[in-house]
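J.: Structure in structure tokens, see below.
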Protein chains: 2
Amino acid sequence: MKSAKELMQEGQAALKQRTYYTAFPESPKAYTEGSTEESQDSFARLLNQDFSEFKSEGAQAWVGTEVSPYLMTGLGIRYPQFSTETLISRAETAQMGWRSSSPDQRAEVLTDCLYRIQKRFFDLAVSTMHTTGQGYMMSFQASGPHANDRAMEAMSMAYQELTRFESEVQFVKPMGKFDLTLRKTFKPIPRGLGLVIGCSTFPTWNTVPGLFANLMCGNASIIKPHPKSILPIAQVVGEMQKAFEAAGFDPYTVQLAVDTLEQPVTKELAEHPSIKLIDYTGGSHFGEYIESLPGKSVFTEKAGVNGVILESVNQPAAVFGNISFAASLYSGQMCTAPQNIFVPAAGIQTAEGSLTFDQVVSGIAEAISGLANNPKMGPFTLGAIQNEATAKRVQSLSGAVLAASSVENPEFADARTLSPAVVAVDAADTATWKQECFGPALFVIRCKDREEALALAAQSAAELGAITSQCYSTDESFCEQVADAMNAAFAPVSFNFTGAAFVNQHAAFSDFHVTGGNPSGNATFADANYVNRRFVWVGNRYA
Amino acid sequence: MKSAKELMQEGQAALKQRTYYTAFPESPKAYTEGSTEESQDSFARLLNQDFSEFKSEGAQAWVGTEVSPYLMTGLGIRYPQFSTETLISRAETAQMGWRSSSPDQRAEVLTDCLYRIQKRFFDLAVSTMHTTGQGYMMSFQASGPHANDRAMEAMSMAYQELTRFESEVQFVKPMGKFDLTLRKTFKPIPRGLGLVIGCSTFPTWNTVPGLFANLMCGNASIIKPHPKSILPIAQVVGEMQKAFEAAGFDPYTVQLAVDTLEQPVTKELAEHPSIKLIDYTGGSHFGEYIESLPGKSVFTEKAGVNGVILESVNQPAAVFGNISFAASLYSGQMCTAPQNIFVPAAGIQTAEGSLTFDQVVSGIAEAISGLANNPKMGPFTLGAIQNEATAKRVQSLSGAVLAASSVENPEFADARTLSPAVVAVDAADTATWKQECFGPALFVIRCKDREEALALAAQSAAELGAITSQCYSTDESFCEQVADAMNAAFAPVSFNFTGAAFVNQHAAFSDFHVTGGNPSGNATFADANYVNRRFVWVGNRYA
């Protein structure tokens, strides 16, 4: 295990270099403590019980309405629920101690949190599967090492910013006949209490960056998880409370505020005057409400509609395979999944000859069927559908070239599964494609030519938001045009991905996740804004 | 003259060190080109003419309603006025070239701007006097070297942030049997067009930081000056347009949008969808409107009410002298001027014995009278009152221990002058003191004890905003309490200032101006937020 100091040094260097870096390798084989089997057993023991890993004193109720998308039964796990006033007053008390800790002290405690969480990677894999519907490998990686890496990325950026100015200086100004001498101190003052609002599909990965950024900047935080995806982050909170307590800090520096879809508490918490920071992952409508709250520093990741410009390729099979995998991974329920594929009406050039528009559509559809129907790949790539509404939305698409269909999972007979639908559509039919269709669905859009394909992709990114985008083109000058136009809409572009490179994957310390420049969100994992808006520089002067 | 490269290197080092640094010395003697006399002559030639220093093609009208607070006559200078559509469309055209320039290219052009502005320091001193009412020395320093230093500070911070990540890397991720290799680029993409809304009292000092930050980050900008303080920034814009043109860039990268109080254009510009960045200095009410505009990155400096906690001192005369100078400088029309002095009802301890509350009040009043009535100091320290409303507000204060009174200016017989009023008031009389009273007025507030003095000062900073604050105390532990409580309200504190140290003075590269944490504004000259919110990191990936 590396020390906090080593991690912060490595993290700061990695942030600048933006090459591959990880402190938590993504392979389960890298971890010898625990195992999938043990974690499956512990998960079974949690069912239909009161959850006891984090502090429950003063609970006003015990609630929990999670449903496993694999088992299609309720988990029956009940979590302690606290009144908003209890949560806020405990956070305010905890804040008194935490706000005056140094960046090094905070890094120590949070590093301990990361290593305690690491011991739970297998538990998190199982709990993430049975709340989100992710496949096992994604559950392990996303909620375990990838989440920890993103948390450490936010910590490293915060550490760097908190220490970027001298903390105490002698200011000596020559005044002609004499010098004016002042002692000055510069302190990063925490903004105040933080609220981190989680989503149903990535309950830890999308939560810990904001949480660790808040904490590193000295702000006690309350996590409001999605009511259908509580367990993974509840396990994380349990570990963190233990780490805070072990370090002599108030365990309530991190709290979990659970609720139900029927009686949500998010607005009450978000609007509370003591909440100064809000991190939010979720739908755009509620995200815009969060962004509109006055007097709060707000960090959002909302919906995006990710486009693919398909203009010319070398090997069409490799390209169709890559797109189909990107669309199938977790059944298109990733915020980075492609949705709209813009293709010239005249088709595309390939090294193997030209393909008509219809051949492109059927090539993609066949690649998707092939993957879904591969029993060794399909079920594990697709995982399960987190929310019934997602399944219904995709199943109701009319005129699909390839309809979404359920795929048998050999381990979970009742799993709610769905392979991506493929719909071919004219560019003019914006009612069909120019909106988010969250879940397993690809729209192949017939454009006049590549210029229209680019124009529509860029316009869509600017208007609807895009977290990422792709381009397949063998024409370098066209690629430059695509980069310029998409980047002007603040959408990153991945060019000519085949093989093991997938647009969905955003690596901590290298890829900025969400740019913050278009409607898909106002913040980035993790640029300097991501941490600097969580504290305020204040300088005092002493004569 | 230093090169852009040297300036950016020095600036970045100075930002971190936060000790004294200047690229533009504040003494007029440091500048051999030009003179006060020459500039007075040129100023006289500008009166009642059409202003021709910046581009006027396509003007729809010529307007100008400035009045000299020294001469009390209209300047009669008319500036070309353009329609919003003309301004925006020219900015958009200019932006096409400017946005793709490199940080080094931008630093070159903007350094040229700074040196061209330097040649106009004497002109700016005279034009600033006759629009703002500042005394000559303040006019020279604030609009000349101090403004240039603040512009350079913003440039340096932007340069540092624009170059903080590697711009191109090879990402090599070990995948077990093979490596995944991607080329990645990281680009800071400009947010879009900027609008910089100036104020009447510091027409260049409060404008150039946001302007240079915008430009350094690749955003063409439109300046909307206060209709009563156009001339100084018009001269700056003239120089900048020449610099842009000389460097082969579109001169309309910087434009001036003049208006009148009767027909303001600010809202039309601010709400224009192409304006993505707004810098604002001015009243709180309009500032809150600007902050509420959706989809804009907004940087505000609004009203603050700066408090002084007076608890114990060594030499009362030195302290009263310091406070009276801080309150008299530019007749209290600085955003950093003290307004409310919180004093324990039992009075204060001094090295010369204790003083009653009333003795403190009279000590301050006498120091103010003494300064105002010193013919060598008074008129030049006070300057003139920019706005008739300020004079009326202060003159209408009832129950003043010392009434505001006009002070004869030996050079300008008609000058609108006013020395600070001193009002003694009970803490409970919040209607009198707990609001901004912009202009020359000090409220000495009778508090139960020092704890109440601190509590009221901190509460006032949190609720009304405070750009700065002061404390006089010989008790170190009380000073610590004051620092903690005021800093928690995001107000900086200056302790025990006497002699040549004045609370009003915020030095570029050392003192953050406005913290951004309380209602006095949401931004700081110049932390990292000040520049990072003006562009967006976008990464592209190439297989």
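None of the figures in this text is laboratory data; all of them are computed from the coordinates on show. Note that the structure is a prediction, hence the values are computed from the model and not measured. So basically every Cβ, Gly included, is an ideal-geometry build from the backbone, and we count neighbours across all protein chains shown.
J.: If you count, for every residue in B:527-533, the Cβ atoms of partner chains within 10 Å of its Cβ, what is the mean? Present the calculation step by step, with values, prior to reporting the outcome.
T.: Working: counts 9, 10, 8, 1, 1, 7, 5.
Per residue, the number of nearby Cβ atoms from other chains is 6 on average.
J.: Going by average Cβ neighbours within 10 Å, how do the peptides A:30-39, A:180-189 rank, with the highest at the top?
T.: A:180-189, A:30-39
J.: If we count other beta carbons within 10 Å of each Cβ, what is the order of B:I445, A:I290, B:I385, fewest first?
T.: A:I290, B:I385, B:I445
J.: Sort the following peptides by mean Cβ neighbour count (other Cβ atoms within 10 Å, averaged over residues), highest first: B:196-208, A:157-169.
T.: Highest-to-lowest ranking by the protection proxy: B:196-208, A:157-169.
J.: Could you work out the Kirkwood radius for the stretch A:110-192, taking every pair of different alpha carbons, averaging 1/r and inverting it, reported in Å?
T.: The answer is 16.5 Å.
J.: Given label points at 7 Å from Cα along Cα→Cβ, what nm distances, shortest first, separate A:E168 from the same residue in every other copy?
T.: Computed spacing set for this position: 4.7 nm.
J.: Also, I was wondering about something else. Per residue Cα convex hull volume for the stretch A:136-277, in cubic angstrom?
T.: Values: hull volume 18.6 nm³, N = 142.
Hull volume normalised by residue count: 131 Å³.
J.: Here is a further query. Please compute the net charge surrounding B:R416, taking Lys and Arg as +1 and Asp and Glu as -1 over other residues with Cβ under 15 Å from its Cβ.
T.: Counting the neighbours of B:R416, the net charge comes to -2.
J.: Within a 10 angstrom radius of the beta carbon, how do A:S101, B:S396 rank from fewest other beta carbons to most?
T.: Result, fewest neighbours first: B:S396, A:S101.
J.: What aspartates and glutamates sit close enough to B:K302 to cross-link, taking a C-alpha to C-alpha distance under 12 Å and skipping anything fewer than 8 places away on the same chain?
T.: Counting by Cα, and skipping residues close in sequence, B:K302 has these aspartates and glutamates nearby: B:D279, B:E288, B:E291, B:E436.
J.: A further question on this structure: Report, by chain and number, residues whose modeled amide H sits under 5 Å from the one on A:I197, excluding near sequence neighbours (fewer than 5 apart, same chain).
T.: Distant-sequence amide H within range of A:I197: A:K224, A:D279, A:Y280, A:T281.
J.: Same structure, new question: Please state the equivalent ellipsoid semi-axes for the protein assembly as shown: what are the square roots of 5 times the Cα gyration tensor eigenvalues, largest first, in whole Å?
T.: Over the Cα atoms of the protein assembly as shown, the semi-axes work out to 55, 36, 23 Å.
J.: When only Cα pairs under 8 Å and 6 or more residues apart are kept, what is the percent relative contact order across chain B?
T.: About 18 percent, as a whole number.
J.: Could you work out the mean count of beta carbons from other protein chains within 10 Å of each residue's beta carbon in A:156-165?
T.: 2
J.: List the lysines whose Cα sits under 23 Å from the Cα of B:K173, skipping any in the same chain fewer than 8 residues away.
T.: A:K2, A:K16, A:K29, B:K184, B:K187
J.: log₁₀ I(q)/I(0) of the stretch A:59-129 at q = 0.14, 0.15, 0.17 Å⁻¹, via Debye over equal Cα point scatterers, no solvent, to two decimals?
T.: Here the Debye-derived log intensity ratios amount to -0.77, -0.85, -0.97.
J.: Counting Lys and Arg as +1 and Asp and Glu as -1, what is the net charge of the other residues whose Cβ lies under 15 Å from the Cβ of B:S292?
T.: Numbers: positive: A:K296, B:K267, B:K296, B:K302; negative: A:E288, A:E291, B:E271, B:E288, B:E291.
Within the 15 Å Cβ shell, the charges total -1.
J.: May I ask you to give the average projected area over all directions of the convex hull of the Cα atoms of the stretch B:1-49, in nm² rounded to one decimal? Can you show the working numbers first?
T.: On the way: hull surface 21.5 nm².
So the Cα hull casts an average projection of 5.4 nm².
J.: Let me ask another. As a check on your reading of the symmetry: which chain B residue has its Cβ nearest the axis that brings B onto A, and how far is it in Å?
T.: So the chain B residue sitting closest to the axis is B:A528, 3.
J.: Per-residue mean of other chain beta-carbon atoms within 10 angstrom of the beta-carbon, peptide A:10-21?
T.: On the way: counts 0, 0, 0, 0, 0, 2, 3, 4, 10, 8, 10, 2.
Shielding by partners across A:10-21 averages 3.
J.: Can you tell me which of A:338-351, B:2-15 comes out highest on packing, and rank the rest after it, using the mean Cβ neighbours within 10 Å?
T.: With the highest mean Cβ count within 10 Å placed first, the list reads A:338-351, B:2-15.
J.: Counting pairwise Cα distances across the stretch A:306-495, what percent come out greater than 20 angstrom?
T.: Cα-Cα pairs in the stretch A:306-495 separated by more than 20 Å: 51 percent.
J.: Further, regarding this structure: Could you tell me the center-to-center distance, by alpha carbons, between the stretch A:355-371 and the stretch A:151-176 in angstrom?
T.: Each part reduced to its Cα centre gives a spacing of 55 Å.
J.: Moving on. Counting every Cα pair in chain A, what percent are over 40 Å apart?
T.: In whole percent, the share of Cα-Cα pairs in chain A beyond 40 Å is 25.
J.: Once you have the Cα-Cα distance between B:A246 and B:T430, take 0.36 nm times their residue separation minus that, and quote the gain in nm to one decimal.
T.: 60.6 nm
J.: To make sure I understand, if each residue's beta carbon is the centre and we count other beta carbons within 10 Å, what order do A:V126, B:V236 fall in, fewest to most?
T.: So the ranking, lowest neighbour count to highest, is A:V126, B:V236.
J.: If we count every other residue with Cβ under 11 angstrom of B:C471's Cβ, Lys/Arg +1 and Asp/Glu -1, where does the sum land?
T.: Once all neighbours under 11 Å are counted, the net charge is -1.
J.: Using only C-alpha atoms and all pairs of different ones, pull out the Kirkwood radius for the stretch B:448-522 in Å with one decimal.
T.: 12.7 Å
J.: Residues with amide H under 5 Å of A:L180's amide H, sequence separation 5 or more or different chain, H placed in the peptide plane at 1.01 Å from N; which?
T.: Amide H to amide H, under 5 Å and 5 or more residues apart or across chains, A:L180 pairs with A:K173, A:M175.
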